Amino acid sequence: MQAQIRPAVPSDLDAIAAIEDAGMRNGWNRAQLAEEFGNSKSRILVARLKGQVAGHVVGWRIAGEVHILDVCVAPSARRQGIGKQLVSALLKACGPGDALLEVRKSNVPAIALYTRMGFEEVGRRPRYYSDGEDALLMTLERP
């Protein structure tokens, strides 16, 4: 399903925080998300379906690279291609350069999505998450 992707605005914060709460184990809290609106490095995009925010992505452009920090889709909107649309839109919005991200090693659906998009696992970050779970480090080489 094709979602409408657009830059997030502060009035989207409540919807973004609700999706994060519903869709992520130990996800970002509202204060962390709000902080990104004031960060000049940060790009926040939302996906809208049927007039409602259905997902979001947060990324930074640093030193010619794109660091994807957070991708979250509402549980009711998953498996419709929204995550891919969000990541693709972020990569386009951030311009050229390689991309990198960390993902929980247990997040099989996300790992499968990133692999289909061309990301490759290049390392692990032991005990990266607050609950002690490892993260996989994945990169995508882009011109």
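Any idea which residue in region 18-64 is nearest to residue 5 (Cα to Cα), counting only those that are of a type in the set (Val, Ile, Thr) and surrounded by 14 or more Cβ atoms within 10 Å (Cβ to Cβ)? Filtering region 18-64 for residues that are of a type in the set (Val, Ile, Thr) and surrounded by 14 or more Cβ atoms within 10 Å (Cβ to Cβ), the one nearest to residue 5 (Cα to Cα) comes out as 46.
Residues considered: 20, 36. Of these, the only one that is more than 28 Å from residue 143 (Cα to Cα), part of a helix (DSSP H, G or I) and not small (Gly, Ala, Ser) is 20. Of the strands (runs of 3 or more DSSP E) lying entirely inside region 77-143, those containing at least 2 residues that are hydrophobic (A, V, I, L, M, F, W, C) and in contact (Cβ under 8 Å) with a residue 12 or more places away in the chain are 99-104, 135-140. Of the residues making up region 1-55, those that are touching a Phe, Trp or Tyr at 6+ places or on another chain (Cβ under 8 Å) and of a type in the set (D, E, K, R) number 3.
Annotation: residue 87 fulfils all but one of (1) modelled with pLDDT under 95; (2) closer than 23 Å to residue 1 by Cβ; the unmet one is (1).
If you go through region 114-128, how many residues are surrounded by 15 or more Cβ atoms within 10 Å (Cβ to Cβ), closer than 21 Å to residue 83 by Cα and among the hydroxyl-bearing types (Ser, Thr, Tyr)?
Our first condition is that a residue be surrounded by 15 or more Cβ atoms within 10 Å (Cβ to Cβ); within region 114-128, this holds for 114, 117, 119, 128.
So of that shortlist, the ones also closer than 21 Å to residue 83 by Cα come out as 114, 117, 119.
With among the hydroxyl-bearing types (Ser, Thr, Tyr) added as a condition, the list becomes 114.
Number satisfying all stated conditions: 1.
Listed here are the residues, each with its yes/no results for (1) among the basic types (Lys, Arg); (2) without any contact (Cβ under 8 Å) to a residue 12 or more places away in the chain; (3) closer than 20 Å to residue 138 by Cα; (4) touching a Cys at 6+ places or on another chain (Cβ under 6 Å).
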| position | (1), (2), (3), (4) |
| --- | --- |
| 29 | no, no, no, no |
| 50 | yes, yes, no, no |
| 62 | no, no, yes, no |
| 71 | no, no, yes, no |
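Screening residue 5 against (1) surrounded by 14 or more Cβ atoms within 10 Å (Cβ to Cβ); (2) of a type in the set (Val, Ile, Thr); (3) more than 18 Å from residue 80 (Cβ to Cβ) leaves a single unmet condition, (3).
Pull up region 113-143, narrow it to residues that are among the aromatic types (Phe, Trp, Tyr) and closer than 22 Å to residue 64 by Cβ, then point me to the one that is farthest from the chain's Cα centre (by Cα). Only one residue fits best here, namely 119.
The values are calculated or read from the model by the stated rules, or taken from the named source; none is laboratory data. All values reported here derive from a predicted model rather than from experimental measurement. Cβ sites come from the backbone with ideal geometry, for glycine too, and all protein chains shown count toward neighbours.
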